[in-house]
Amino acid sequence: MSVKKAAGVIDLNHCLEYNLDAIAQTLNKSLSQLTLAILDKPRHHDIIIDLRNRGINVITLPDGDVLASLYATMPNNPIDVMYGIGGAPEGVISAAIAKALGGDMQARLITRDIAKGNNATNREIAAQEISRCHNMGTDVNITLPLEILVRHQDVMFAATAITAGDLLSGVTEQSDYLRTHSLVINGSTHSLRYIENYHLR
C-alpha cells in the first residue's frame with residue numbers, strides 16, 4: 001500500500017477497509033471520493049468488486065505496479081492510494097519512490113501460493129521462498145514499514161520510456177537522432193525532473 005497525502009496513517013496490520021477509512025478521514029474525503037489504483041489480476045478481482053460496491057473509485061491497470069505507486073505519491077495526481085499484491089523487486093522500487101517523494105508505504109512478503117494460487121508448483125516455490133527468507137533473517141507475512149524498506153533519504157529513481165505512456169513519451173526516431181524522455185526523482189531534494197535527450201547518430 002502506497003500513499004502520498006495520507007502519509008503516516010496506513011497500517012497493514014489492519015484490514016483494507018480500516019486503512020481506506022483512515023486515508024479518507026486524513027484527506028477530508030468521503031470513501032466515494034477516494035481513488036485507488038490496483039492491478040487487474042485474478043488475485044485482486046474480489047477486492048476490486050468489494051471496493052466498487054463500497055463506492056470507491058477504482059482504477060485497474062493491466063500491469064505496472066511501479067507506475068501506480070508513482071502516481072499515488074506524485075503531487076497533483078488524482079490517485080490517492082495504490083494497493084495490491086505485486087513482485088518484491090517492484091515493491092522495493094515503489095518504496096524508494098515513496099521515500100524520495102515524502103510519501104508512505106507498507107509492504108508484506110507473501111509466498112507464491114498465496115499470490116498466484118494454491119497448487120503443487122506454487123507450494124513448492126513457496127517453500128523455497130520461505131527457506132530463502134529465513135536464511136536472510138527475514139520473516140514472511142510481517143508488516144514492513146517504509147523506514148525498514150528504505151533506510152536512507154538519499155535515494156534516486158530514474159525511468160526512460162521505450163513506448164509512449166501517460167507519464168512519458170516514447171522513443172522517437174529521426175534521420176539524424178533518437179529522442180528519449182526520462183523522469184528522475186531525487187530523494188535528497190524531494191524533486192522530480194523530466195529530461196528530454198537527443199541522441200545524435
Inset, instruction - Sort 186-199, 103-116, 66-79, 144-157 for me by packing, meaning the mean count of neighbouring Cβ atoms within 10 Å per residue, highest on top. - result: 66-79, 103-116, 144-157, 186-199
Inset, instruction - Choose one answer from SER94, SER175, SER32: the residue with the largest mean-square fluctuation in a GNM of the chain with alpha-carbon springs under 10 Å. - result: SER175
Inset, instruction - Report which label in (i) 23; (ii) 28; (iii) 40 holds the value of percent of Cα pairs over 32 Å apart derived from the coordinates of this structure. - result: (i)
Legend entry - the range 28-172 - charge dipole about Cα centre, Lys and Arg +1 at Cβ, Asp and Glu -1, debye rounded to 20: 160 debye
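Let me know the number of lysine pairs in the range 1-158 closer than 26 Å at the Cα, not counting same-chain pairs under 8 apart.
The result is 7.
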Legend entry - Helix 88-100 vs. the chain, principal-axis angle (Cα, 0 to 90°, nearest 10): 70 degrees
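Any read-out appearing in this document is the output of simple, stated calculations on the displayed coordinates, not a laboratory observation. Note that the structure is a prediction, hence the values are computed from the model and not measured. As a convention, Cβ positions derive from the backbone with ideal geometry for all residues, glycine included, and neighbour counts pool all protein chains shown.
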